[in-house]
Every structure is written in C-alpha cells, then in structure tokens.
C-alpha cells in the first residue's frame, strides 16, 4: 500500500509540474509567438509521408496586418460570443452534447434496421470556442478522451487568464490550418487569393472562415455550393460581431 501511495503521489506531482510548465509556456506567449503547434508538428509527418517533401506555407503577421474583415468572418463563423465568454461557452457545449447524443441514437437505430452488427459511426459536433481550439492545437493530440478534454479545459482557462482576447485571436489566426500544409491567415490569403491577409475583401474572408472546420476537404472542392452559400451567410453576419 505504501508503494502504491508513493506512486500516486509521484503521479500527482508530475501532473502539477506539467500544469506549471503549460502555465509558463502560455505566459511567455505574451511576448514570444509560438514557432509551431502540436497539431502542426503532427501534420508535418503526414505531409512528408504523402508527398515525399514538405510543401509548407506559414508566415506570422501581426494582428494589424490581418484584415478586420477576416477577423470578423472567423468570429462570425467559429465563435460569435468570443468577446463575451471566458474561454468555455457552456451553452454551446450543452447543445453540442445533445446533438451528438441524438446523432448517436439515430445511427444505432439505422444500424438495427439494416441488421448491422456494428453501429454506423455518427458525426461528432464539437461546440468548441476559439480559445478551446487554440488550446487543443497548441498542446494536445487529436484523440477524443475525457482526460484530454479535461486538460483542454484547464489549458483554455490558462490562455484566458494569461493572454488578452486580442492576443488569443492573433495566435489563432496565425496558426490555424487552412489546407494541406497551409497554416495561418497570411499563408491562406496568398495560397487562395494571391494577396496578403491585410487586403482580403469581406467575401474572400467569409470563404476562408467557412473552410475552417474542414480546410483540406474544401481545398479540393473550391466550387462547393455549400462553401459559396455559407460564405454569403457569414458576410451578412460579420457586422454584428464585436472584435476584441
């Protein structure tokens, strides 16, 4: 029992040390931009495996060099309550949970009707805020476990505690994926529209914002009717969004 107690104590100490490391790393982002994220590093290997070389596009630019239109479009599409919450939007999480449970039940009923032994996998809805997405991309893997989700929430609260909303949005826009090997607003603007992020129009910004949940999918389907239609919706909503 004593050995088990010591093991538990060591695990707790290791977990606390990890949280201190995360806190120091986040605090440093006030003055030092992250060179890469955990998600980017995982994608580097996948891109190398597929292509044999690294077609990588990323260029950090200050928030002032990113079109306000793009900032508004991303908030309108991904997190319209960004300036109102403290990192976690509980109403959105509850709605996402209910949606996932409904989708799971429908998939199970479908499988029963079809006589499948294995249920059809349901599409999972996230309900994450921009701060949560940034926390996950910066530090965590893509696995879906309760432990990882708990760590994501701790990191989210840390980002909100140590960084301003303006800085969180700046880091997010410079590190989010916009296609295979395309990361950040500047790289996306140059890749899709051959212009810097500062010069993006409202419609161009909306199209980029709509791509965010599935950037590699829409990169190969530029004429998607959904992409065009959803972009029009985002353009109409952009002026209702408050920038930090």
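The values are calculated or read from the model by the stated rules, or taken from the named source; none is laboratory data. All values derive from a computational prediction rather than experimental measurement. So basically every Cβ, Gly included, is an ideal-geometry build from the backbone, and we count neighbours across all protein chains shown.
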task: Select, from 65, 84, the only residue that is touching a helix residue (DSSP H, G or I) at 6+ places or on another chain (Cβ under 6 Å) and surrounded by fewer than 18 Cβ atoms within 10 Å (Cβ to Cβ).
output: 65
- request: Hey, can you tell me all the residues within segment 47-66 that are in a helix (DSSP H, G or I) and within 16 Å of residue 166 (Cβ to Cβ)?
  value: 63, 64, 65
Identity of the residue in segment 221-244, farther than 14 Å from residue 208 by Cβ and surrounded by 15 or more Cβ atoms within 10 Å (Cβ to Cβ), that ends up farthest from the chain's Cα centre (by Cα): 237
- prompt: Would you pick out the residues in segment 191-211 that are over 15 Å from residue 78 (Cβ atoms), in contact with a helix residue (DSSP H, G or I) (Cβ under 8 Å, 6 or more places away or on another chain) and not in a loop (DSSP other than H, G, I, E, B)?
  reply: 192, 193, 197, 198, 199, 202, 203, 204
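Table: residues versus (1) in contact with a helix residue (DSSP H, G or I) (Cβ under 9 Å, 6 or more places away or on another chain); (2) at pLDDT below 75; (3) on the phi < 0 side of the Ramachandran plot; (4) part of a loop (DSSP other than H, G, I, E, B).
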residue	(1), (2), (3), (4)
104	no, yes, yes, no
119	yes, yes, yes, yes
126	yes, yes, yes, yes
133	yes, no, yes, no
155	yes, no, yes, no
159	yes, no, yes, no
170	yes, no, yes, no
178	yes, no, yes, no
Members of segment 19-46 found to be touching a residue at least 60 places away in the same chain (Cβ under 8 Å), over 19 Å from the mean Cα position of the chain (by Cα) and not in a loop (DSSP other than H, G, I, E, B), listed by number: 19, 23, 27
message: Regarding segment 173-185, can at least one residue be identified that is in contact (Cβ under 8 Å) with a residue 60 or more places away in the chain and closer than 17 Å to residue 81 by Cα?
response: yes
query: Looking only at segment 1-26, which residues are in contact with a helix residue (DSSP H, G or I) (Cβ under 6 Å, 6 or more places away or on another chain) and over 25 Å from residue 177 (Cβ atoms)?
result: 23
